[in-house]
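Notes for the one structure printed next.
The values are calculated or read from the model by the stated rules, or taken from the named source; none is laboratory data. Since the model is a prediction, treat every value here as computed from it, not as a measurement. Neighbour counts are summed over all protein chains in view; Cβ atoms, including those assigned to glycine, are modelled from backbone coordinates with ideal geometry. Remember, those area values only see protein heavy atoms, side chains included, never the ligands or the DNA or RNA. Shrake-Rupley method; radii C 1.70, N 1.55, O 1.52, S 1.80 Å.
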Amino acid sequence: RLADGVYTASAGNMAQGLAWAARELGVPCRVVAPDHAPRTKLEAIERLGATVRLVPFAEWWRAILDHEVAGERGAFIHPGADPMVMAGNGTIALEILEDLPDADAILVPYGSGGLACGIACAARAARAVRPGIAVHAVELEGRAPFAASLAAGHPVSIDYTASFVDGMGGKSILDEMWPLARQVLAGSLAVSLRQVADAVRLLVERARVVAEGAGAAPVAAALAHDVGARKVVCVISGGNIDTNKLATILSGDIP
């Protein structure tokens, strides 16, 4: 199937990884992205040689649920619910524990679940080295399908509204991710858009790190929630934020 190339449905970060891998293999790569995806991410995908197709959010979310896009050819690589994608994400946990073996908690933005669950699975496997480490999902208030599903005891749908925090969240937790997520994740920590914007600004001003909304969300959660840990690791999962949105945040407003 690689003769027809590969494609994915992604708001940006996973798409960049797939585009890079496809370029290395010399195969075509196509990305179906929601029409609210930041221009910064789209340009990065195109620089890596992939073709971007923008669709309404509902159509994009359908691709996430169906693991395919009508009319597309080639191998569909799911951005989250793919064992190999999650295994790759799990190496982040191994790097964290190599640098900070006595970490107590890891906070990870929750989108389709592949990043958080991959890190949690690897952390669980390493618990012989560091018993008791907890991996928490981070979601937006009012846009938290994992938290809603935990409360209900089964996957539920929510009303989703797009925001500048485009790299995480959706209409529901994926059915295929639910059994794994509730087993390996310690729970969900919700943060507001204001808290995320403040975390973006804090990272720029104090650490000279430019993070996108989803990347700054774990920092917002660490500041807003007591997870009962001494050493907390925040996974800052991307810096693809449009400059106009960053300027708005640095001026004290919410995009």
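Computed values, structure above
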{"read-out": "Relative contact order computed over the stretch 1-65 (Cα-Cα under 8 Å; 6+ residues apart), in percent", "value": "34 percent"}
{"read-out": "Alpha-carbon Debye profile of the stretch 166-255, log10 I(q)/I(0) at 0.24, 0.25, 0.26 Å⁻¹", "value": "-1.24, -1.29, -1.35"}
{"read-out": "Whole-percent carbon and sulfur share, accessible surface of the chain, 1.4 Å", "value": "52 percent"}
{"read-out": "Accessible surface of Ser163 - all protein chains present, 1.4 Å probe, nearest 10 Å²", "value": "20 Å²"}
{"read-out": "Mean accessible surface per residue for the stretch 15-105, computed with a 1.4 Å probe while every protein chain stays in place, in Å²", "value": "50 Å²"}
{"read-out": "Tensor-based shape of the stretch 1-92 (alpha-carbon gyration tensor, a/c under 1.5 rounded, otherwise prolate or oblate)", "value": "rounded"}
{"read-out": "Per residue Cα convex hull volume in Å³ - calculated over the stretch 58-170", "value": "127 Å³"}
{"read-out": "Which of Met86, Ile96, Gly132, positive extreme of dipole for the stretch 1-139 (C-beta unit charges)", "value": "Met86"}
{"read-out": "Segments 150-158, 106-114, 43-51, 12-20 sorted - mean Cβ within 10 Å per residue, highest first", "value": "106-114, 12-20, 43-51, 150-158"}
{"read-out": "Per-pair calculated FRET efficiency, R0 = 41 Å: Leu2 and Ile254 via Cβ, rounded to 0.05", "value": "0.45"}
{"read-out": "Point-charge dipole on Cβ atoms (K/R +1, D/E -1) for the chain, about Cα centre, debye to 20", "value": "220 debye"}
{"read-out": "Relative contact order (%) - criterion: Cα under 8 Å, at least six apart; region: the stretch 10-107", "value": "22 percent"}
{"read-out": "Computed [θ] at 222 nm, helices only, for the chain once each DSSP H run of length n ≥ 4 contributes -39500 (n - 2.57)", "value": "-12500 deg cm²/dmol"}
{"read-out": "Calculated FRET value between Asp226 and Ala151, using beta carbons and R₀ = 22 Å, to 0.05", "value": "0.65"}
{"read-out": "Burial order of peptide ranges 84-94, 58-68 (average beta-carbon count within 10 Å, highest first)", "value": "84-94, 58-68"}
{"read-out": "Semi-axes of the equivalent ellipsoid for the stretch 115-212, Cα gyration tensor, largest first, Å", "value": "24, 21, 10"}
{"read-out": "Percentage relative contact order, the chain, counting C-alpha pairs under 8 Å, at least six apart", "value": "18 percent"}
{"read-out": "Assigned charges on the beta-carbon of Lys, Arg, Asp, Glu; the stretch 151-255 dipole about Cα centre (debye)", "value": "380 debye"}
{"read-out": "Furthest towards positive pole of dipole, Gly113, Pro218, Ala75, structure part the chain, Cβ charges", "value": "Pro218"}
{"read-out": "Listed residue (Ser149, Ala123, Ile45) projecting farthest to the positive dipole end of the chain, Cβ model", "value": "Ala123"}
{"read-out": "Paramagnetic reach from Asp35 (point 7 Å along Cα→Cβ, amide N under 12 Å) across the stretch 44-73", "value": "54-60"}
